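Some notes on the structure that comes next.
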Amino acid sequence: MHSGNKSVGIETGDALEASIASATRGLLGYRQPDGHWVFELEADCTIPAEYVLLRHYLGEPVDAALEGKIANYLRRVQGAHGGWALVHDGDFEMSASVKSYFALKMIGDSPDAPHMARAREAIRSRGGAIHSNVFTRFMLAMFGVLTWRSVPVLPVEIMLLPTWSPFHLNRISYWARTTIVPLMVLAALKPRAKNLGAVGIDELFLQDPHSIGMTAKAPHQSWGWFVLFRGLDSVLRAIEPLFPKKLRARAIDSAVAFIEERLNGEDGLGAIYPPMANTVMMYEALGKPADYPPRAITRRGLDKLLVIGEHEAYCQPCVSPVWDTSLSCHALIEAGSKEALPPAKLGLDWLKPKQVLDIKGDWAVKRPQVRPGGWAFQYNNAYYPDLDDTAVVVMAMDRTRRATQSHEYDAAIARGREWIEGMQSRDGGWAAFDVNNLEYYLNNIPFSDHGALLDPPTEDVTARCVSMLAQLGETAQSSKAVAAGVAYLRRTQLAEGSWYGRWGLNYIYGTWSVLCALNAAGVNHQDPVIRKAVDWLLSIQNEDGGWGEDATSYRLDYKGFEGAPATASQTAWALLGLMAAGEIGHPAVARGVQYLIDTQTQKGLWDEQRYTATGFPRVFYLRYHGYPKFFPLWALARYRNLRNTNSRVVGVGM
């Protein structure tokens with residue numbers, strides 16, 4: 001709780017103004033020379049571990065300095081439980097622990113070293129590496145640790161299926177599609193890693209690794225579907241050797257053609273690590289030399305994901321310049337000072353040519369009549385723009401257009417809006433990359449033990465799209481899209497009052513997103529749907545005035561919110577949500593603002609070790625290093641601005 005003196009500081013505005021000015025300077029200090037922002041995007045230990053294992057799979061010359069720095073990183077993030085987690089201070093996770101142990105052993109750490117012995121004991125005491133997930137098993141099969149009987153059959157002939165097939169590639173998400181296509185080629189060729197040091201990890205198993213069969217049913221999978229698909233897998237395993245060789249060759253050619261059409265230069269297939277790494281291994285299996293241009297370009301792209309410091313290094317899953325730049329622009333526009341607005345304008349000018357106007361990506365299979373007009377998350381990913389980035393960019397451009405009365409962004413805004421309107425799913429929601437990706441039965445196939453095969457509509461992305469359309473002047477009365485979107489959001493509110501956050505962690509993120517959308521769409525602040533959400537946010541505020549939420553909230557048996565240490569970004573989301581709901585004068589908002597002021601560093605920023613974003617719930621989380629740099633600034637500036645207006649109503653979409 002804040003003291004009386006701190007409260008006076010906020011009332012007079014001195015501390016608040018100083019905090020906003022300091023945060024503005026801090027954010028501007030990270031601007032790139034051409035005007036954009038790109039912050040580190042840190043996942044868990046699996047990506048740097050996989051990078052090390054990829055180098056040894058390919059038999060590349062050992063870069064001892066780089067591997068030493070990655071080893072330092074992996075050792076530092078090892079948990080007190082002896083293994084590795086998916087988030088900061090998280091619970092033991094088997095696949096992350098197996099990969100990290102394997103990578104450290106590959107680098108040269110002795111199995112007898114104390115940290116390795118602790119890791120081995122942690123793994124074995126939990127049943128051993130047999131409990132690794134499907135992706136880890138594929139990697140272990142390619143290293144010869146496991147046999148190919150331990151992984152699902154992935155016949156590359158899937159490439160030749162007709163579009164009406166229940167297993168057609170267009171029925172799964174973009175990230176699964178781009179990952180699976182090169183993996184299917186690898187599964188057909190069954191290559192063996194070069195692994196010049198002949199390093200193995202048999203000691204992590206309680207049984208002979210070569211005796212291990214398929215994975216068990218995952219918790220999210222239904223027994224009926226699972227048994228059906230397991231039976232189908234058994235049939236495919238028996239008949240796959242009988243597939244005609246010409247058919248297999250044609251299927252491999254089709255897979256390679258799919259990949260090369262979307263190769264995307266050094267930004268890579270899908271512009272994310274897993275499909276890029278699989279593509280490099282695929283070319284190796286096909287006998288293409290290291291200097292074969294598609295292989296070499298993709299391999300260079302993987303190195304561009306590295307973050308190399310003086311003592312540590314790690315590999316990012318991808319980069320986030322469009323997301324970072326658009327959100328930084330929003331924060332600076334909200335700050336509104338003469339120091340903030342020109343850099344925000346330059347950021348938007350950098351974003352403008354990044355709009356995809358000429359390529360109909362995979363999304364167009366289901367929406368062939370819609371013109372492209374979205375933005376991707378990364379520097380270049382034209383086949384896979386996303387709706388969340390697009391909505392955020394459009395709203396930032398529209399805010400600048402309002403302030404300057406300029407028309408320079410009109411065409412970009414119009415095309416972005418047109419694309420988003422054309423990508424609404426039939427249930428009224430919006431997904432991140434695709435439309436009507438609702439084939440939930442596919443999450444029961446043996447390959448989908450991660451439960452993230454699909455890209456269905458979600459509350460947070462739907463909220464962002466509703467916010468954008470509402471900010472551009474649409475209402476539930478004037479727009480069927482807004483009406484359907486608002487109905488979707490009303491339908492998906494949980495009994496406790498919150499909304500699920502698919503891409504941010506978790507219910508705080510979802511609730512912030514939806515409250516912004518409902519406010520922008522003109523829903524009365526006294527509407528029960530908003531009051532329930534406000535009451536929920538107020539009820540979960542920490543004693544220190546901040547808000548925090550842990551990744552465990554994604555568990556399948558979620559029964560209600562459980563507290564976690566506050567973070568700057570989650571506190572900012574809660575504040576922005578409450579202010580969107582008209583609660584600018586609530587004491588809880590003042591306490592949240594004070595928490596941000598009190599925890600700000602001398603550099604004007606906030607320290608945030610905890611992970612507050614989501615790649616795949618329960619499987620893969622993200623730590624955006626930019627989140628504690630722009631979201632708190634945004635919330636503090638919004639608080640100041642609303643207190644200085646008569647209406648005290650948020651007049652923009654987010």
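The values are calculated or read from the model by the stated rules, or taken from the named source; none is laboratory data. Here the structure is a predicted model, which is why all the values come from computation and not from measurement. Neighbour counts run over all protein chains shown; Cβ positions are idealised from the backbone, glycine included. The accessibility values were calculated without ligands, DNA or RNA, using every heavy atom of the protein model including side chains. Shrake-Rupley method; radii C 1.70, N 1.55, O 1.52, S 1.80 Å.
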Give me a comma-separated list of calculated 3J(HN,Hα) values for the range 308-319, in order, Karplus coefficients 6.51, -1.76, 1.60 applied at θ = phi - 60°, integers in Hz, x for any Gly or Pro. 10, x, 5, 10, 10, 8, 8, 10, 7, x, 5, 10
Long-range share for the range 1-135, i.e. C-alpha pairs more than 18 Å apart as a percent of all pairs, stands at 65 percent
Per residue convex hull volume, Cα only, the range 180-264, in Å³ is 191 Å³
When every protein chain stays in place and a 1.4 Å probe is rolled, LEU357, LEU263 sorted by accessible area with the largest first are LEU357, LEU263
Counting residues in the range 109-155 as N, plug N into 2.2 N^0.38 Å and put the Cα Rg over that result. 1.36
³J(HN,Hα) across the range 118-132 via Karplus (A = 6.51, B = -1.76, C = 1.60, θ = phi - 60°), whole Hz, x for Gly/Pro? 5, 5, 4, 5, 4, 5, 5, 5, 9, x, x, 5, 4, 8, 5
So if I restrict to the alpha-carbon atoms in the chain, what is the Rg, and what is Dmax, the biggest pairwise distance, in Å? 24.8, 80
5 angstrom amide H check on PHE205, placed H, neighbours 5+ away: ALA129
For the range 386-436: Kirkwood Rh in Å [reciprocal of mean 1/r, alpha carbons]: 11.6 Å
Helix 14-28: inclination vs the chain longest Cα principal axis, degrees, rounded to 10, gives 40 degrees
How long are the semi-axes of the equivalent ellipsoid of the range 145-206, taking √(5λ) for every eigenvalue λ of the Cα gyration tensor, in whole Å from largest down? 30, 12, 11
Based on the Cα gyration tensor of the range 68-134, what are the three equivalent ellipsoid semi-axes, each the root of five times an eigenvalue, rounded to whole Å and given largest first? 17, 13, 11
Can you tell which of LEU41, THR24, ALA64 lies farthest toward the positive end of the dipole of the range 14-64, using +1 and -1 charges on the Cβ of basic and acidic side chains (Lys, Arg; Asp, Glu)? THR24
Using just the helices of the chain, give the 222 nm mean residue ellipticity in deg cm²/dmol: DSSP H runs with n ≥ 4 each add -39,500 (n - 2.57), and the total is spread over all residues, rounded to 500. -15000 deg cm²/dmol
In order through the range 475-483: 3J(HN,Hα) via Karplus (6.51 cos²θ - 1.76 cosθ + 1.60), integer Hz, x for Gly, Pro: 10, 5, 7, 8, 10, 5, 5, 5, 4
Relative contact order (percent, whole number), the range 224-311, Cα cutoff 8 Å, 6+ residue spacing: 23 percent
So what is the relative contact order of the chain, in percent, for Cα pairs below 8 Å that sit 6 or more residues apart? 17 percent
With a 1.4 Å probe and all protein chains in place, put GLU421, GLU562 in order of accessible area, largest first. GLU562, GLU421
If you filter the range 129-221 for chymotrypsin sites (Phe, Trp or Tyr not before Pro), then keep DSSP loop positions with at most 10 other Cβ within 10 Å, what is left? TRP164
Mean separation of Cα contacts under 8 Å, 6 or more apart, over the residue count of the range 461-604: relative contact order %: 22 percent
Using only the Cα atoms of the range 441-492, what are the Rg and Dmax in Å? 15.0, 46
Pairs beyond 21 Å (Cα-Cα), from LYS345/LYS629; LYS217/LYS245; LYS190/LYS288: LYS217/LYS245
Enumerate the amide H contacts of PHE620 below 5 Å, restricted to partners 5 or more residues apart or on another chain; note that Pro and chain-start residues carry no placed amide H. GLY615
Quick check of the Kirkwood formula: for the range 572-654, what is the inverse mean of 1/r over all pairs of different Cα atoms, in Å? 13.9 Å
Cα gyration tensor of the range 442-583 diagonalised, 5x eigenvalues square-rooted, in angstrom largest first, produces semi-axes 24, 22, 12
Just name one of TYR292, TRP323, MET214: the one whose Cα is farthest towards the positive end of the charge dipole of the range 174-325 (beta-carbon charges, Lys/Arg +1, Asp/Glu -1). MET214
For the chain, what is the charge dipole size about the Cα centre, in debye to the nearest 20, if Lys and Arg each add +1 at the Cβ and Asp and Glu each add -1 at the Cβ? 1140 debye
If DNA, RNA and ligands are ignored and the probe is 1.4 Å, what is the ranking of ASP557, ASP89 by accessible area, most exposed first? ASP89, ASP557
Given the protein chains as shown and a 1.4 Å probe, how many square angstrom of LYS288 are accessible, to the nearest 10? 80 Å²
Inverting the mean 1/r over all pairs of different Cα atoms, compute the Kirkwood radius of the range 462-535 and quote it in Å. 12.0 Å
So what is the diffusion coefficient of the range 175-227 in µm² per second by Stokes-Einstein at 37 °C and 0.692 mPa s, using a Kirkwood Rh over Cα pairs? 222 µm²/s
Normalised per residue, the volume of the convex hull around the Cα set of the range 92-205 (Å³): 117 Å³
Take the alpha carbon atoms of the range 216-269, find their radius of gyration, then divide it by 2.2 N^0.38 Å using N residues; give the quotient. 1.68
Among LEU469, PHE561, ASN444, pick out the residue whose Cα is farthest towards the positive end of the charge dipole of the chain, where Lys and Arg carry +1 and Asp and Glu carry -1 on C-beta, about the Cα centre. ASN444
Just how much of VAL77 is accessible, in Å², when a 1.4 Å probe is used and the result is rounded to the nearest 10? 50 Å²
Here the gain from full extension of LYS603 to ALA238, 0.36 nm per residue of separation minus their alpha-carbon distance, amounts to 125.1 nm
Using only Cα atoms, figure out Rg for the range 295-423 and give it as a multiple of 2.2 N^0.38 Å. 1.19
In square angstrom, rounded to the nearest 10, how much accessible surface does HIS450 have for a 1.4 Å probe? 30 Å²
